[in-house]
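Read through the structure below, which is laid out as structure tokens, and then see the notes.
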Amino acid sequence: MLVFIQTIASGILIGGVYALIGLGMTLIMGVMGIINLAHGQLMMVAMYITFVLFTHLGLDPYICIFITMPSLFLLGIVIQKYLLNPLIKVESILPENQVLMTVGIGMVLTEIARFIFTSNYVSIKTPYAAKAIFLKNISLNLPMCIAFLIAVFFTLLLFWFLLKTDTGRAIRATAQDKEAALLMGINTPRITYLTFGIGSALVALAGTILLPIYYLFPDIGGPFTLKAFVITILGGLGSTIGAIVGGVILGIAESLGATYVAMGYREAIGFVIFVLVLIFLPGGLKSITKV
């Protein structure tokens, strides 16, 4: 029973960070109507920025979030404005061209990282990397606890922004009905730029706080794009609360699979959940709840 509780606790911690990754993709999906298949690669870029700042300047990874988030926010705006928006405006036989563009962007970012850093696995070693917090007989990894708390804080901040600010309400209005929002005087092109920037900043935050726990290599973005996609589908396309629930479910499922099946099958859990959701719950959690 103790092992089960330990596994669930670990799954909730990593699931909180997964939810942050899923929120970024969900926001972009809700406003732009496309799946950003370069999502994990943007996270990889933030992780390499953190790695460079830690290695050469000695900055703590959790301090680096004040650099990686604005950097990826600006990169997201540039990608949306100059690479994706022109495709959205053009009439074509294949309206999903912008989705294919995100695939290309992801490939380019991966190869640039490989050219600069090679394909070698790297990691950072912080003084607290191996420390743990003990709750009776349950041990929790300290960096994972810190990452979870940071993820919760920024998730709450995001919801405050979406619910309480004029810009946040404009984002929600654009996600609900883009044409109606435009008729109401909302600058929808500006909102799409801003949304892609926020989504990129959220995944940058996730990558930065995960770096003390994960090894880093150029192809790490692919698996995290898959995780974000699974979370988005599981929670229901465009549902922010669903993304949080989906992230926690994925984290718990991976943790249980690693403990009771085999560590090597941890990543496969995402594929299994994805297939099961498409078969039995194609609308995601949103189709059976109000999330």
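For the reader, a short list of remarks on this structure follows.
- For T192, T208, order by how many other beta-carbon atoms lie within 10 Å, fewest first: T192, T208
- Given the chain, longest segment not containing exposed loop trypsin sites (Lys or Arg not before Pro) (DSSP; at most 14 other Cβ within 10 Å): 137-289
- The string of couplings for the range 106-122 from the Karplus curve (6.51, -1.76, 1.60, θ = phi - 60°) is x, 5, 5, 4, 5, 6, 5, 5, 5, 5, 7, 10, 6, 8, 5, 6, 10 Hz, one whole number per residue in order, with x for Gly and Pro.
- Residues whose placed amide H lies under 5 Å from that of A132, excluding near-sequence neighbours: L142
- Taking the chain and dividing mean pair separation by its residue count, relative contact order in percent (alpha carbons under 8 Å, at least six apart): 39 percent
- Simple rule: put +1 on each Lys or Arg Cβ and -1 on each Asp or Glu Cβ in the range 139-291, find the dipole, and look at T225, I249, I171; the Cα lying farthest toward the positive end is I171.
- Computed about its Cα centre, the charge dipole of the range 93-182 is approximately 520 debye, with only Lys, Arg, Asp and Glu carrying charge at their Cβ.
- Relative protection proxy for 97-106, 19-28, from highest mean packing down: 19-28, 97-106 (other beta-carbon atoms within 10 angstrom).
- Two numbers describe the Cα atoms of the chain: Rg and Dmax, which are 18.7, 61 Å.
- Note on the chain: lysine pairs with Cα distance below 24 Å, sequence gap of 8 or more or different chains, count 10.
- Prolate/oblate/rounded call for the range 3-87, Cα gyration tensor, a/c under 1.5 rounded: oblate
- The magnitude of the dipole of the chain, with charges of +1 and -1 set on the Cβ of Lys/Arg and Asp/Glu and taken from the Cα centre, is near 460 debye.
- Between the residues I14, Y215, N97, the greatest Cα displacement towards the positive end of the dipole of the chain, with unit charges on the Cβ of Lys, Arg, Asp and Glu, is found for I14.
- Listed residue (G270, L182, T110) projecting farthest to the positive dipole end of the chain, Cβ model: L182
Each value in this text was obtained by applying a stated rule to the coordinates, not by laboratory testing. In this text, all values refer to a predicted model and were calculated from it rather than measured experimentally. Note that each Cβ is placed from the backbone with ideal geometry, even for glycine, and that neighbours are counted across all protein chains shown.
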